[in-house]
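Data block below; observations after.
The values are calculated or read from the model by the stated rules, or taken from the named source; none is laboratory data. Quick caveat, the model's predicted, so the values are computed rather than measured. As a convention, Cβ positions derive from the backbone with ideal geometry for all residues, glycine included, and neighbour counts pool all protein chains shown.
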Amino acid sequence: MLMTNKEMKFNFFILSGLNYLHHRHVVHRDIKCANILVDVSGSVKLPDYGLAEVINYRRDKGYGVAADIWSLGCTVLEMLTCKTPYSNMEAVCITFTILLG
């Protein structure tokens, strides 16, 4: 399952946006296909900052940049397969599968 040039371009733009946010200590916390906007010229925007948080790397033990990277990985997988990851499993099974590796 290889990415097309278009998918690589989209992911580059998304990673650039996340890099911009993370350098400003902001975690988006809601990266998903529904929150990625693409205009007719192929420019990509990350909207919906309702769950975003400013984090303090010294104090915060909760969500961090890893949550955004994990979500991006799931989003890329969904882009490539047209299915959400673990779509064939119940929510409780998904949680255990992820936690147990």
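Tally up the residues in the stretch 18-32 that are among the basic types (Lys, Arg) and under 13 Å from the mean Cα position of the chain (by Cα), please.
2
Identify all residues within the stretch 39-55 that are crowded, with 16+ Cβ neighbours inside 10 Å, of a type in the set (Val, Ile, Thr) and at pLDDT 90 or above; write none if there are none.
Result: 44, single match.
Inspect the stretch 21-38 for any residue being small (Gly, Ala, Ser), exposed (fewer than 12 other Cβ atoms within 10 Å of the Cβ) and modelled with pLDDT under 90 and give the result as yes or no.
No - not one qualifying residue is present in the stretch 21-38.
Provide a single number: the residues in the stretch 35-45 that are of a type in the set (A, V, I, L, M) and touching a residue at least 12 places away in the same chain (Cβ under 8 Å). Give the derivation first.
Narrowing the stretch 35-45 to residues of a type in the set (A, V, I, L, M): 36-38, 40, 44.
From what is left, the residues that are touching a residue at least 12 places away in the same chain (Cβ under 8 Å) are 36, 38, 44.
Matching residues across the stretch 35-45 total 3.
Those residues that are in contact with a helix residue (DSSP H, G or I) (Cβ under 9 Å, 6 or more places away or on another chain) and surrounded by 11 or more Cβ atoms within 10 Å (Cβ to Cβ), I need them from the stretch 77-97; list them, please.
Matches in the stretch 77-97: 78, 79, 80, 84, 85, 86, 89.
Mind listing just one residue for me: the one in the stretch 61-76 that is surrounded by 15 or more Cβ atoms within 10 Å (Cβ to Cβ) and not in a loop (DSSP other than H, G, I, E, B) and, of those, farthest from the chain's Cα centre (by Cα)?
65
Looking at the stretch 23-47, which of the residues that are in a helix (DSSP H, G or I) and among the hydrophobic types (A, V, I, L, M, F, W, C) is nearest to residue 10 (Cα to Cα)?
Among them, the one singled out is 33.
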